Amino acid sequence: MLARSKKKSFYMTEVTEENLTHLAKLCRIRCSDKERNALLKDFRQIVDYVEQLSKIDTEGVAPCSCVTRGHTQTPRRDDICENTLDRELFLKGAPSFIAGLVRVPTILKSKEGKEF
Amino acid sequence: MHSLSAVEIRNRFVQGEVSATEIAKHFLERAQNIDPQVGAFLELFEAPMLEQADRLDAKRRGKEPLGCLSGVPIGIKDILNIRGHITTCGSKFLKNFVAPFDATAVRRIREEDGLLVGKTNLDEFAMGSSCEHSAYKTTRNPWDLKLVPGGSSGGSAAAVAAEMATITLGTDTGGSIRLPASFCGICGFKPTYGRVSRSGVVALASSFDQVGPFAYRCEDLELIMQVIGAHCQKDSTSLPDPDFTPISFAERFGKSFRVGVPWQFLEGLPNESRAIFDRSLSSMEALGGEIVEVDLSLLSSSIAVYYILMTAETSTNLARFDGIRYGVRSSQATTLDEVYDRSREEGFGDEVKRRILLGTFVLSSGYQEAYYKKAQKVRQLIINQFETAFQRCDVVAAPVSTGGAFAFGAKKDPLSMYLEDIYTVGANLAGLPALSVPAGHLNDGRPIGFQLMAPQRHDAEVLAVGRAFQAITNYHNERPTMKGGIL
């Protein structure tokens, strides 16, 4: 959980450099110090703006779960197995592939540090 | 030929007055001459379009049945897949991604013999209101090359405005069809959520995204909606409704026609824009419309709701761009973690990174309740407010934007860019069909549009009102002057 100032109201959020670094790690968006500073400024401005919602009374209102009128959840189609995409065609779009599979860098190593 | 409507082009082709090859050559030549100044297209389908035209001519010679879009030149926003062509989404991340299948909307256009002109420019992953966030090129407004075309579907709007295609497809998540339509002096239609299949469309925010068309005339929007406005098995949110069918304004609204106006929401609209809006309302009255006031006061919070929910959905949707299965993998990466981190760092632009971070923030532990859930509750209240409004009226009228197109670089901070969507995001939050129709020009010549919204599934009603509006106005017959360029 991110640090939040307890003194301020529920919505008053402090966006700190530390928070931003943590968020960046969670969503795997690396940014340079310069980028982080610019983002921090934008972030604070946007977060301040959206806090206007705290003034709206939503007591007893169920959150919108499906925008289509008459539906309370997204309709689902029947789960029928079918061929959708040719494997070779799909692999053409992959950055790296081998023997009909997508290739990724080694993930596992042996205790001695040898790659499998 | 380029000033003809899609219906006229189709009819001339079907009657044998012009060949598909002649049409294709004409539009390709026009795009080759004009697009270096406008920059609407990311890829022009020179050879494929001529091949498609050749096959269509053979079909006509062989007296085979001809599709309802026969010979109509159509451009596609580069976020919809066209098999065998690169779908960049305006991002470096997908600079080499060759689409392995057609988006449903594209497949349907092909089946009805529409001629594909090319892929049009956009803000990266459709995130923007000016088209300035494309990683590839600058698209300029055909009315004045110093101005943005609007976004995110800026290339599609500019291509129609400069008559390099008769119809184009765009996507509208928070105004991305209606805003550029307004800025470029053409019609743009966002159908009801679920009316057009999202299959094969790269997702930005899945509970908002909707594919829709641009054209100068509402009758052309109706023509293409008959092709793309159909149920699709591959999109679980596709409406299980009968295909889109146009309706007659006189039959539907001849006896009673009520136009709701959220006056409170219009406070702060600049005088010039307000004068154009008032004149459009007079046209509604000339069509027999009774103007009634409706309360949509919650729309003043729509941008706040939208930027919480949209970024939340965006951060989730864009997690799939990890450098593993498609797109660009960083050549610097040696470990799996580096593949993710570096590919995303190198592949995404600033606005995309900003929105992913914001979305991650509003969904993160401890904040989800305060931001995401709160926004979904206010979204429900906005939907309720629209429902109450539509008990009093058939359509709601509103401006599309506060003003006309702005200069490149004019909106420096992200929030001021987000606020451009203040009049458009309401329809996305409530899943409503909404149209931007040309409504006149500001004193300096910049065009602006007039917006009409209706209850969900009333797509045909909105377009019928738009067609009636165009029958008594002339703004859609005016053409851009390419100020600052050579026509």
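The values are calculated or read from the model by the stated rules, or taken from the named source; none is laboratory data. The model shown is predicted, which means the values in this text are computed figures rather than measured ones. Every residue, glycine among them, receives a Cβ derived from its backbone with ideal geometry; neighbour counts consider all protein chains shown. The protein model used for the area step is the full one, side chains on, heavy atoms only, and it has no ligands, DNA or RNA in it. Shrake-Rupley method; radii C 1.70, N 1.55, O 1.52, S 1.80 Å.
With no solvent and one point on each alpha carbon, what is the Debye value of log10 I(q)/I(0) for segment B:280-394 at q = 0.12, 0.20 Å⁻¹?
-0.63, -1.02
Ignoring everything but the protein chains, give the 1.4 Å probe accessible area of B:SER238 in square angstrom, nearest 10.
10 Å²
Could you give P(r) for chain A, binned at 5 Å from zero, as whole percent values over all Cα-Cα pairs?
Bins of 5 Å from zero give 2, 7, 9, 9, 9, 11, 12, 13, 13, 10, 4, 1, 0 percent of pairs.
Kirkwood Rh, Cα Rg: Rg to Rh for segment B:2-140? Working shown, then result.
Working: Rg = 15.5 Å, Rh = 15.6 Å.
For segment B:2-140, the value is 1.00.
Helix-derived [θ] at 222 nm for chain B: sum -39500 (n - 2.57) over DSSP H runs of at least 4, divide by residue count, nearest 500? Walk me through the numbers before you get to the answer.
Working: 16 runs with 182 residues, N = 487.
Calculated from helices alone, the mean residue ellipticity at 222 nm is -11500 deg cm²/dmol.
When the C-alpha atoms of segment B:182-315 are aligned to their principal axes, what extent does each axis show, in angstrom, from largest down?
43, 38, 28
Calculate the mean, over all residues of peptide B:316-327, of how many other protein chain Cβ atoms lie within 10 angstrom of the residue's Cβ.
The mean count of partner-chain Cβ atoms within 10 Å per residue comes to 3.
Per q in 0.08 1/Å, what log10 I(q)/I(0) does a Debye calculation on the alpha-carbon atoms of the protein assembly as shown return?
-0.54
For segment B:114-187, place one equal point scatterer on every Cα, skip the solvent, and apply the Debye formula. What is log10 of I(q)/I(0) at q = 0.21 Å⁻¹?
-0.76
Over segment B:152-302, what is the relative contact order in percent, taking alpha-carbon pairs closer than 8 angstrom and at least six residues apart?
Once normalised by length, the contact order is 18 percent.
Give me the 1.4 Å probe accessible area per residue for segment B:190-238, excluding ligands and nucleic acids, in Å².
19 Å²
Taking the Cβ-Cβ separation of B:ALA275 and B:HIS231 as r and a Förster radius of 51 Å, what is the calculated FRET efficiency to the nearest 0.05?
Working from the Cβ atoms, E equals 0.75.
Averaged across the residues of B:99-107, what count of C-beta atoms belonging to other chains lies within 10 Å of each residue's C-beta?
So the per-residue partner count for this stretch is 2.
So what is the relative contact order of chain B, in percent, for Cα pairs below 8 Å that sit 6 or more residues apart?
Over chain B, the number comes to 18 percent.
Give me the inter-chain shielding for B:408-417: mean count of other chain Cβ atoms within 10 Å, whole number please.
That average works out to 2.
Let me know the shape class of segment A:25-76, please: from the alpha-carbon gyration tensor, a ≥ b ≥ c as square roots of the eigenvalues, rounded when a/c is under 1.5, otherwise prolate if a/b is greater than b/c, or oblate.
Values: a/c = 4.32, a/b = 1.75, b/c = 2.48.
Oblate shape, in that a/c is at least 1.5 and b/c is the bigger or equal ratio.
Obtain the radius of gyration and the Kirkwood radius of chain B from its C-alpha atoms and give Rg over Rh. Let's see the in-between values first.
Numbers: Rg = 21.3 Å, Rh = 22.3 Å.
Reported Rg/Rh, Kirkwood definition of Rh: 0.95.
So how do B:138-146, B:358-366 stack up, highest first, on mean other-Cβ count within 10 Å?
Values: B:138-146: 24.1, B:358-366: 20.7.
The packing order, highest mean first, is B:138-146, B:358-366.
Between chains A and B, what is the buried accessible area summed over both chains (1.4 Å probe, protein heavy atoms, nearest 100 Å²)?
The contact between B and A buries close to 5600 Å².
Stokes-Einstein diffusion coefficient for segment B:379-484 at 20 °C in a medium of 1.002 mPa s, Rh from the Kirkwood formula over Cα pairs: what value in µm²/s?
On the way: Rh = 15.4 Å.
Diffusion coefficient, whole number: 139 µm²/s.
Excluding ligands, DNA and RNA, what is the solvent-accessible area per residue of segment B:247-290 at a probe of 1.4 Å, expressed in Å²?
55 Å²
Give the carbon-plus-sulfur fraction of the accessible surface of segment B:309-434 in %, rounded to a whole number; probe 1.4 Å, heavy atoms of protein chains only.
That share works out to 47 percent.
Can you give me the % of accessible surface on segment B:55-174 that is carbon or sulfur? Probe 1.4 Å, all protein chains present, nothing else counted.
50 percent
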